[in-house]
1. Once the dipole of the chain is set up with Lys and Arg at +1 and Asp and Glu at -1 on Cβ about the Cα centre, which of VAL160, THR68, MET56 lies farthest towards its positive end?
2. Once phi is turned into θ = phi - 60°, what whole-Hz ³J(HN,Hα) does the Karplus curve with 6.51, -1.76 and 1.60 give for every residue of the stretch 27-44, x standing for Gly and Pro?
3. For TYR438 and ALA53, FRET efficiency with R0 = 25 Å and r from the beta-carbon atoms, rounded to 0.05?
4. Stretched out fully, how many nm does the piece from ASN457 to PHE245 gain, at 0.36 nm a residue minus the Cα gap?
5. In nanometres, what is the gap between the two model label sites at ASN222 and LEU302, each 7 Å from Cα along Cα-to-Cβ?
6. When only DSSP loop residues count, what trypsin sites (Lys or Arg not before Pro) in the stretch 1-71 have their Cβ near at most 15 other Cβ atoms within 10 Å?
7. Would you list LEU193, LEU172 from fewest to most Cβ contacts within 10 Å?
8. I want to make sure I understand the PRE zone here: with the label point 7 angstrom from the Cα of LYS100 toward its beta carbon, which residues in the stretch 1-29 have backbone N atoms less than 15 Å away?
Amino acid sequence: MIDTSIRKNINIRDKRISVIGLGLSGTEAAKLANHLGAIVFASDASMDERVCAHSMELMHTHHIASETGIHSDKIYDADLWIISPGIPKDSEIVLKAAQKKIPIVGEIEFASWFSNDPIIAVTGSNGKTTTSNMLYKMCQSKEMIGTMAGNMGIPFSERVLNNIKDPKENILYLLEISSFQLEFIKHFSPDILVYTNISPDHLDRHGSMEEYINMKLNALMNMKHEGQIVYNKDDAILEKVLSPFPHKKQPFSTKSKDVLYKIDNKNIIGPSDDKLLNIDELSIPGEHNLQNFLAASTCSHLMGISQNQIVKSMKEFKGVEHRLEYVRTINEADYINDSKATNIDSVIVAINTYKQPIVLILGGFNKGANFRLLLPHIKSSHVRDIVSYGDAGGQINTALGDAVRSVQVTDLSSAVKKAQLMAAPGDIVLLSPGCASYDEFSNFEERGNHFKSIIKNLAAS
């Protein structure tokens, strides 16, 4: 077995490594391990088209042995496992590997062993992607090359391998990290750790809110004393759970004055108490985006980014795909793609962003959410109609059907067509599903792209 107890002593050359799961992260971890001299075997129980394509690439281009459609006993002939975030820690194969005392790490952990460049890790229930993208825009200078990776679709292993092959100085890794990616952390130690917020999410995987929070806290368990935690002071859960930790903490807030960037009379005030800009000058609206801007600005300031660069980025940042993304106007109704909204809090943020009447499309695979938590927000907002669809459609209709006009359909295509019939001029047709995508799609990106394709076809008809 590989001795993983001391990071600097880890040596994988000529060691047998099983990569479990052939999504993007597993595939790139396999390439990194292979490049560093390990004997790699990759396995995925799925026969999905993309999994098979990844397997073929590993075998034919990189000469890495792999299997699909099964986890054979060969996976246990290993000195180390690198496991996909899609495989829970209580799954049968993981428990069996643990019995055999095989060390198990996630892709984020594995990649971190082979880089000493600084890391800003962004986690939380909502706002991770937007905050990470804001940071990316801010952290570009002659002295610093901000490089994104993690949960946003580019594996950390890919970035690390690219830098091993073609080394660059002044790299700063900006990692968006989910709770799934934090289940198998051993040495991972970011220089700055950002907590955007904490609210119920992925309870189908973690079982309880307490366990979900514990997974999020895994990110700071190995942080050095000089590491800093940037967190949302307006989030009561974060205030409570972070208080016992001795690390340096730098909060951000839209309410408190005891922060680096303050809000005063709709103005953003900088660390030197100078007015930086008016909130209305921000490129994307909403209280949630203001919090994301404050989080990114706080991190950038700690990294030595100039105030001019921070303000310029605030004014120019246009948002990210699949997060309150304007698609098109049809018959004077605006269609908005918020496919990344996979939990209840994200839906609440979305419906509170708009002042116009909303036709809300909800549905997909329920991750353990209680849709009745939406009731007070729907009643107090501009949501006029709800179209529910997919695996969770019946649950949504039962929970919310008495609050507003509600209709249930089978799939996303039907939901969009029904929403178009219900929409009036001046309305917002908002896809903010509040659910995972994998009853119908492989990820939220595929769902969002399908939504946009439907809208394009509707506009052309």
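No value in this document is a laboratory result; all are computed from the given coordinates. Treat the numbers as computed from the prediction; the structure is a model and nothing was measured. We place every Cβ from the backbone using ideal geometry, glycine too, and count neighbours over all the protein chains shown.
1. Farthest along the dipole direction, towards plus: VAL160.
2. Rounded to whole hertz, the list is 4, 6, 5, 4, 5, 5, 4, 5, 4, 8, x, 7, 9, 9, 10, 10, 9, 9.
3. Numbers: r = 19 Å, r/R0 = 0.74.
After rounding, the FRET efficiency stands at 0.85.
4. Values: separation 212, 0.36 × 212 = 76.32 nm, distance 5.26 nm.
Working it through step by step, the gained length comes to 71.1 nm.
5. Output for this residue pair reads 1.9 nm.
6. Details: sites: ARG7, LYS8, ARG13, LYS15, ARG16, LYS31, ARG50; in loops: ARG13, LYS15.
Answer in residue order: ARG13.
7. Numbers: LEU193 26, LEU172 22.
Lowest to highest Cβ neighbour count: LEU172, LEU193.
8. Counting backbone N atoms under 15 Å from the label point, the list is 1-2, 16-21.
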